[in-house]
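This report concerns only the one structure given below.
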Amino acid sequence: MITVGQSKHRRWALTAGHGVGLAIFIIFAIFPLFWLVKISLTPNNLLYSEGITLWPSSITWDNYKFALLGSRFPRFFFNSVIVSLTSAGVVTLIAAAGGYAFSRFRFRGKVPIMFVMLLTQMVPLVMLIAPIFKLMVPLGLTNNLLGLIIVYTAFNVPFATFLMQSFFDGIPKELEEAAMIDGCTRLTALRRIVFPLTLPGMGATLGFVFTAAWSELLFALMLINSDDKMTFPVGLLTFVTKFSVDFGQMMAAGVLALIPACMFFAFIQRYLIQGLTAGAIKG
Amino acid sequence: MAGVTVRDVYKAYGSVRVLHGVSIDMEDGEFLVLVGPSGCGKSTLLRMIAGLEEINSGDILIGDRLVNDVAPKDRDIAMVFQSYALYPHMSVATNMGFSLELRRKAREMITNTVAQAAGTLGLSELLARFPRELSGGQRQRVAMGRAIVREPKVFLFDEPLSNLDAKLRVQMRTEIKALHQEMGSTAVYVTHDQVEAMTMADRIVVMNEGIIQQIGQPLEVYDTPSNLFVAGFIGSPGMNFLEGEARRNSDSAWVEMADGTLLPAPPTSAEDSQPVVYGVRPEALVIDEAAESGLMATVEVTEPTGLSTLVFSRLADVSTCAFTMDRLQLQRGQPVGLVPDVARVHLFDKATGKRL
Ligand SMILES: Nc1ncnc2c1ncn2[C@@H]1O[C@H](COP(=O)(O)OP(=O)(O)OP(=O)(O)O)[C@@H](O)[C@H]1O
Ligand SMILES: [Mg+2]
């Protein structure tokens with residue numbers, strides 16, 4: 001009897017501990033976001049006068065109004081969307097093609113190519129800034145969104161290719177073979193069978209590259225110098241002037257910048273969680 | 001309709017040589033079963049017939065047409081994979097109709113053909129489901145359905161039943177055989193289950209290490225195995241092998257074992273004192289409970305199954321299995337006599353393994 005009681009007790013304690021642990025983790029992860037939102041809503045005059053409070057005594061939308069209407073933020077935002085979407089799209093296409101080849105074909109030089117791709121991931125980015133700048137200047141790619149797209153694409157392709165390869169590896173070869181016997185060429189089998197099944201992988205790759213490009217600061221800072229070419233991470237820095245930091249407006253811009261990333265993940269998450277290949281082979 | 005001809009086909013993966021000159025002539029409408037131990041190249045041969053694997057040298061013909069360089073889709077074949085390989089993002093109906101859809105058949109015709117095939121296979125209720133919502137047996141049927149809607153010239157099966165439980169396997173075995181008889185297409189069926197091989201095949205092809213050991217009708221292969229490998233591989237429980245030297249005089253023959261035991265043998269071409277292997281199937285050994293006749297052996301284990309009893313005994317220090325339908329009361333250590341039915345004894349050359 002006692003043991004049963006104890007074990008019940010124990011189980012309850014375990015569940016509670018589990019919950020508390022999760023709660024702590026969530027608070028830890030969410031708090032910076034909360035602070036971002038809080039400051040973006042705090043009127044300027046209360047920011048320093050109220051001290052540290054969890055919620056300001058009054059809120060204002062002025063910072064948002066300024067970020068959207070009074071600053072160059074919409075321009076930065078738009079530039080970021082262009083650069084991130086294009087990079088993500090191009091990288092995903094290249095990575096899908098490369099990943100498929102690595103997964104399905106045997107060809108000469110496969111291992112060396114994979115090795116070199118891995119090697120590129122080991123070089124710290126900071127070391128590459130000067131050489132890349134040197135390369136880009138004569139090509140007219142500095143202060144140019146295309147330049148950024150090229151750099152982001154180049155940096156993300158290797159990892160994305162490995163990512164896509166693992167997704168292709170997860171699709172049984174027999175599915176393609178069955179399709180080829182059913183009447184597909186390799187290309188139709190790719191389009192009708194493999195492509196629909198790799199959508200989750202493409203979604204993941206797209207999301208991964210998009211967020212990486214969206215928040216990239218180092219190269220954007222280096223390669224862009226005019227206001228109308230800035231992406232938003234660089235643009236955020238324009239809220240820092242010689243004399244002051246306009247925290248409210250900066251935070252409002254930051255919150256706005258989170259929106260596309262959130263939308264993006266809300267959109268692809270359904271592909272990410274679905275095990276699309278379930279049921280393909282014996283159960 | 002068409003037969004399949006495999007002519008002197010070789011295959012290697014890099015330096016790993018898998019098939020060493022395989023030739024098979026399949027007649028139109030024949031049900032051919034490929035058996036052999038794991039890794040002997042059965043799937044490789046099947047995949048070469050399907051066009052999924054390149055041929056290093058040799059020819060494959062479907063009907064009169066050389067298909068060495070013909071793409072799988074143009075060979076007019078259908079294949080059922082061991083893993084079923086159903087398209088997970090398509091419903092059962094779409095899975096089954098996919099090949100017709102690719103051939104741009106009219107929608108109505110596809111629906112009708114699929115419905116008919118589904119009826120035959122008992123899948124009518126499941127057409128709207130997805131593969132992940134089916135049981136293993138149902139998936140297997142969908143894979144079959146996908147193969148039959150197109151009425152191909154040749155069916156290829158790669159161990160299609162090995163993922164099913166024993167009962168379902170027996171049932172599907174009969175159904176596949178019935179389907180084949182109805183459709184009349186040529187079929188190549190890979191299995192390592194020899195009951196499947198014996199019961200389904202018009203002819204069996206026994207392979208080992210990339211070489212065909214014997215081709216023949218099931219009972220022919222069972223009754224006159226052409227070498228030691230086939231003799232040991234076909235039949236369960238397996239054939240007993242006893243080693244010795246051939247002895248003969250004008251009207252009878254024996255095999256003399258190392259300890260002097262004399263085994264009565266049929267007349268063969270064996271030379272006197274040629275080293276041979278004496279093969280006798282368990283059912284060709286009659287048990288003399290009283291141990292008054294035959295070869296003297298000591299009982300080790302008996303395995304009654306209800307229908308029959310397997311008696312394992314030690315004969316001249318070799319473990320020997322005998323099969324009987326009688327309910328014998330035998331104790332461990334008890335002496336028994338084993339009387340071989342000489343007409344059903346096989347002699348093999350010890351050096352080459354060939355039947356004598
Ligand atoms: N892609 C490959 N690369 C290298 N070796 C291979 C490849 N595919 C098969 N093999 C080798 O070829 C041999 C024959 O393989 P295969 O799949 O035909 O055997 P199997 O008779 O079908 O066996 P099982 O009964 O286990 O299915 C094996 O030794 C295997 O290791
Ligand atoms: Mg196999």
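For this structure, a couple of remarks:
- For region B:158-178, a reduction of at least 10 Å² in accessible area between the chain on its own and the assembled protein chains (probe 1.4 Å) is found at B:Asn163.
- Partner aspartates and glutamates whose Cα lies under 20 Å from the Cα of A:Lys229, excluding those fewer than 8 positions away in the same chain, are identified as A:Glu216.
- Residues in region B:305-326 reached by a label modelled at B:Glu243 [backbone nitrogen below 17 Å; 7 Å Cα→Cβ]: B:315-320
- Set B:Lys11/B:Lys354; B:Lys11/B:Lys105; A:Lys173/B:Lys354; A:Lys173/B:Lys153; B:Lys73/B:Lys167; B:Lys42/B:Lys167 screened for pairs whose C-alpha atoms are more than 30 Å apart: B:Lys11/B:Lys105; A:Lys173/B:Lys354; B:Lys73/B:Lys167
- Treating r as the C-beta distance of B:Ile211 and A:Gln121 and R0 as 35 Å, the FRET efficiency rounds to 0.15.
- 5 angstrom amide H check on B:Val190, placed H, neighbours 5+ away: B:Leu34, B:Phe157, B:Asp158, B:Glu159
- Helices assigned as whole DSSP H runs in chain A whose Cα atoms extend at least 15 Å along their own long axis and whose mean Kyte-Doolittle hydropathy is -0.5 or higher are found at A:2-41, A:73-104, A:110-120, A:125-139, A:145-169, A:195-214, A:247-273.
- Expressed as a whole percent, the accessible surface of region A:71-272 that belongs to carbon and sulfur atoms is 74, based on a 1.4 Å probe.
- The stretch between A:Phe28 and A:Ala97 holds 20.9 nm of extra length on full extension. This uses 0.36 nm per residue minus the Cα-Cα distance.
- Estimated at the nearest 10 Å², the accessible area of A:Ile129 is 20 Å² with a 1.4 Å probe.
- Phi angles of region B:303-309 translate, via the Karplus equation with coefficients 6.51, -1.76, 1.60 and θ = phi - 60°, into HN-Hα couplings of 10, x, 10, x, 6, 8, 9 Hz per residue; Gly and Pro are given as x.
- Chain B: angle of helix B:136-148 to the longest principal axis, Cα-based, in degrees nearest 10: 70 degrees
- Region B:26-96 versus region B:161-186: alpha-carbon centroid distance in Å: 17 Å
- Occluded residues from region B:50-86, i.e. those whose accessible area drops by 30 Å² or more once the chain is not alone (1.4 Å probe): B:Leu52, B:Pro72, B:Lys73, B:Phe81, B:Ser83, B:Ala85
- Given a 1.4 Å probe and the protein chains as shown, B:Met325 ends up with an accessible area of around 120 Å².
- FRET efficiency estimate (nearest 0.05) - Cβ-Cβ, A:Thr211 to A:Leu54, R0 30 angstrom: 0.55
- Each Lys and Arg Cβ is given +1 and each Asp and Glu Cβ -1; about its Cα centre, region A:173-225 then shows a dipole of about 100 debye.
- Interface area, chains A and B: about 2300 Å² of buried accessible surface, summed, with a 1.4 Å probe and ligands, DNA and RNA left out.
- Of B:Ser226, B:Met200, B:Phe98, farthest towards positive along the dipole that unit charges on Lys, Arg, Asp, Glu beta carbons give region B:4-229: B:Phe98
- B:Glu292 - accessible surface, heavy atoms, 1.4 Å probe, Å² rounded to 10: 150 Å²
- Rounded to 10°, Cα long-axis angle of helix B:107-121 versus longest principal axis of chain B: 30 degrees
- Rg to Rh, two decimals, where chain B supplies the alpha carbon set and Rh follows Kirkwood: 1.07
- Selected from B:Ala253, B:Val70, A:Ala213, residue furthest toward positive end of dipole (the protein assembly as shown; charges at beta carbon): A:Ala213
- Secondary structure note: in chain B, about 80% of the DSSP beta bridges are antiparallel.
- Candidate residues B:His192, A:His9, B:His180, B:His89: accessible-area rank, largest first, probe 1.4 Å: A:His9, B:His192, B:His89, B:His180
- Scanning residues 5 or more positions from B:Asn208 or on other chains, those with amide H under 5 Å from its amide H are B:Gln213, with H placed 1.01 Å from N in the peptide plane.
- A Förster distance of 41 Å, applied to the separation of the beta-carbon atoms of A:Phe78 and A:Leu46, puts the FRET efficiency at 0.85.
- P(r) histogram, all alpha-carbon pairs of region B:274-339 included - 5 Å bins from 0, percent: 4, 18, 32, 27, 11, 5, 2, 1, 0
- When Rg and the Kirkwood Rh are both derived from Cα coordinates, the Rg/Rh ratio for the protein assembly as shown amounts to 1.17.
- Taking the longest Cα principal axis of chain B as reference, the axis of helix B:166-183 is set at about 60 degrees.
- Farthest positive-ward along the protein assembly as shown dipole, Cα basis, beta-carbon charges - from B:Thr44, B:Val9, A:Asn144: A:Asn144
- Residues in region B:4-229 average 41 Å² of solvent-accessible surface per residue, probe 1.4 Å, ligands and nucleic acids excluded.
- Counting Cβ atoms of other protein chains within 10 Å of each Cβ in A:111-124 and taking the mean gives 0.
- Relative contact order (%) - chain A, alpha-carbon pairs under 8 angstrom, separation at least six: 30 percent
- Point-charge dipole on Cβ atoms (K/R +1, D/E -1) for the protein assembly as shown, about Cα centre, debye to 20: 3420 debye
- Highest-fluctuation residue, A:Ile268, A:Ile52, A:Ile224 considered, GNM on chain A with Cα pairs under 10 Å: A:Ile52
- Carbon + sulfur, % of accessible area of chain B - ligands and nucleic acids excluded, 1.4 Å: 48 percent
- Trypsin sites (Lys or Arg not before Pro) within region A:1-110, DSSP loop, no more than 12 other Cβ atoms inside 10 Å: A:Arg106, A:Arg108
- Label separation (A:Gln269 vs B:Val16): 4.4 nm, computed from points 7 Å beyond Cα along the C-beta direction.
- Potential extension, A:Arg11-A:Ser166 segment - 0.36 nm per residue separation minus Cα distance: 51.9 nm
- Accessible area ranking (1.4 Å probe, heavy atoms, ligands and nucleic acids excluded), largest first, for B:Arg344, B:Arg146, B:Arg332, B:Arg169: B:Arg332, B:Arg344, B:Arg169, B:Arg146.
- Against the compact-protein benchmark of 2.2 N^0.38 Å, the Cα-based radius of gyration of region A:8-60 scales to 1.73.
- Antiparallel content of DSSP bridges confined to the protein assembly as shown, in %, to 5: 80 percent
- Gaussian network model of chain A, Cα within-10 Å springs - most flexible of A:Thr153, A:Thr142, A:Thr241: A:Thr241
- Here region A:71-272 is assigned +1 on the Cβ of each Lys and Arg and -1 on the Cβ of each Asp and Glu. Its dipole about the Cα centre then comes out at about 320 debye.
- Accessible area of region B:240-349 divided out per residue, in Å², using a probe of 1.4 angstrom: 51 Å²
The values are calculated or read from the model by the stated rules, or taken from the named source; none is laboratory data. As the structure is a computational prediction, the values presented were derived from the model and not from experiment. We place every Cβ from the backbone using ideal geometry, glycine too, and count neighbours over all the protein chains shown. Only protein heavy atoms, including side chains, enter the accessible area calculation; ligands, DNA and RNA are left aside. Shrake-Rupley method; radii C 1.70, N 1.55, O 1.52, S 1.80 Å.
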